[in-house]
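Have a look at the structure below before the remarks.
The values are calculated or read from the model by the stated rules, or taken from the named source; none is laboratory data. All values derive from a computational prediction rather than experimental measurement. Glycine gets a Cβ as well: all are built from the backbone with ideal geometry, and neighbour counts include every protein chain shown.
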């Protein structure tokens, strides 16, 4: 193969690498979790892309001069490294550890979702915090977060998918049973409207069936829709909720809702880190915090 064609391929691959990093961070796509577990390596990807594209450009375009591609490539690499480091800082597990330590303060009362819906446990003298996990893709990352919660004595509610792209229900089953035995709450992260491609009648039947199957393994009192193009939440109002004896996490009458959904850069959404927003909560407030372990490492 002609050496110039090899150079061109490397340059194109480097540009793809930059685009992958940029859109994963800026557009908050979970490419790095769905394809590979690359979240901690965004800065390195940017630098590798820079080295590859500049090296090949210098060799290939030496007769045209290499100052422009060198400077241009460096600026892109610096921008990507800056964005990725800034984004990564918000999702380090040590940040979550510090947050859980904060919740140990007498100001906060941490509960599972069924404490709100079933047992009506709201303390008017404390900030009532309900931590919810949507287990979308990564069981490994979720397990790490749960281990931290166990160390801190914090209980949460975790919504399990039956049809995840990255884990099977059978693989998640031992963890589900263990968490239930240890006092953690398991919820149903349903996606029936997507499974039936928008057929609402079939979706209602499937919801009832899957909920019953889950309840043969662990108690299920609370559910939450998994987000996708079919808007699974739309099916909720069509269900016989009283007969099914089930509640939706979205029906909580909360004073504050904090979420990392989509992996957004917290400073763009709040002007500061997500967890700092909790400082605004007052006594008697109900706060639901949604955490997707897919982003945390």
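Determine if the range 178-191 includes at least one residue that is in contact with a strand residue (DSSP E or B) (Cβ under 7 Å, 6 or more places away or on another chain), surrounded by fewer than 18 Cβ atoms within 10 Å (Cβ to Cβ) and at pLDDT 95 or above.
Checking the range 178-191: at least one residue is in contact with a strand residue (DSSP E or B) (Cβ under 7 Å, 6 or more places away or on another chain), surrounded by fewer than 18 Cβ atoms within 10 Å (Cβ to Cβ) and at pLDDT 95 or above.
Being part of a helix (DSSP H, G or I), within 19 Å of the chain's Cα centre (by Cα) and free of Cβ contacts under 8 Å to residues at least 12 places away in the same chain, is that true of even one residue in the range 165-182?
yes
Within the range 211-254, work out how many residues are in contact with a strand residue (DSSP E or B) (Cβ under 7 Å, 6 or more places away or on another chain) and in a helix (DSSP H, G or I).
Of the residues in that region, 7 qualify.
Considering the range 149-164 alone, what residues qualify as being under 14 Å from the mean Cα position of the chain (by Cα) and either touching a residue at least 60 places away in the same chain (Cβ under 8 Å) or farther than 20 Å from residue 193 by Cα (or both)? Don't jump to the end; show me each part of the working.
So the first thing to find is which residues in the range 149-164 are under 14 Å from the mean Cα position of the chain (by Cα), and the list is 158-161, 164.
Those that are under 14 Å from the mean Cα position of the chain (by Cα) and either touching a residue at least 60 places away in the same chain (Cβ under 8 Å) or farther than 20 Å from residue 193 by Cα (or both): 158, 159, 161.
Quick one: which residue in 63, 72 is at pLDDT 65 or above, in a helix (DSSP H, G or I) and out of contact with any helix residue (DSSP H, G or I) (no Cβ under 8 Å at 6 or more places or on another chain)?
Values: 63 fails: at pLDDT 65 or above.
Unique residue meeting the criteria: 72.
If you check 109, 158, which single one turns out to be surrounded by fewer than 21 Cβ atoms within 10 Å (Cβ to Cβ), at pLDDT 95 or above and not in a loop (DSSP other than H, G, I, E, B)?
109
State whether one or more residues within the range 255-277 are closer than 23 Å to residue 90 by Cα, out of contact with any helix residue (DSSP H, G or I) (no Cβ under 9 Å at 6 or more places or on another chain), part of a loop (DSSP other than H, G, I, E, B) and at pLDDT 95 or above.
Checked the range 255-277: no residue is closer than 23 Å to residue 90 by Cα, out of contact with any helix residue (DSSP H, G or I) (no Cβ under 9 Å at 6 or more places or on another chain), part of a loop (DSSP other than H, G, I, E, B) and at pLDDT 95 or above.
Does the range 128-141 contain at least one residue that is more than 18 Å from the chain's Cα centre (by Cα) and not in a helix (DSSP H, G or I)? Don't jump to the end; show me each part of the working.
So in the range 128-141, the residues more than 18 Å from the chain's Cα centre (by Cα) come out as 128-129.
Filter again for not in a helix (DSSP H, G or I), leaving 128-129.
Yes.
Yes/no per residue for (1) in contact (Cβ under 8 Å) with a residue 40 or more places away in the chain; (2) farther than 30 Å from residue 84 by Cα; (3) under 20 Å from the mean Cα position of the chain (by Cα):
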| residue | (1), (2), (3) |
| --- | --- |
| 222 | yes, yes, yes |
| 244 | no, yes, no |
| 248 | no, yes, yes |
| 256 | no, no, yes |
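Could you check the range 86-106 and list, in sequence order, the residues that are surrounded by 14 or more Cβ atoms within 10 Å (Cβ to Cβ) and either assigned to a loop (DSSP other than H, G, I, E, B) or at positive phi (or both)?
Within the range 86-106, 90, 91 meet the criteria.
Given 146, 122, which one is assigned to a loop (DSSP other than H, G, I, E, B) and surrounded by 13 or more Cβ atoms within 10 Å (Cβ to Cβ)?
Just a single option satisfies the conditions, and that option is 122.
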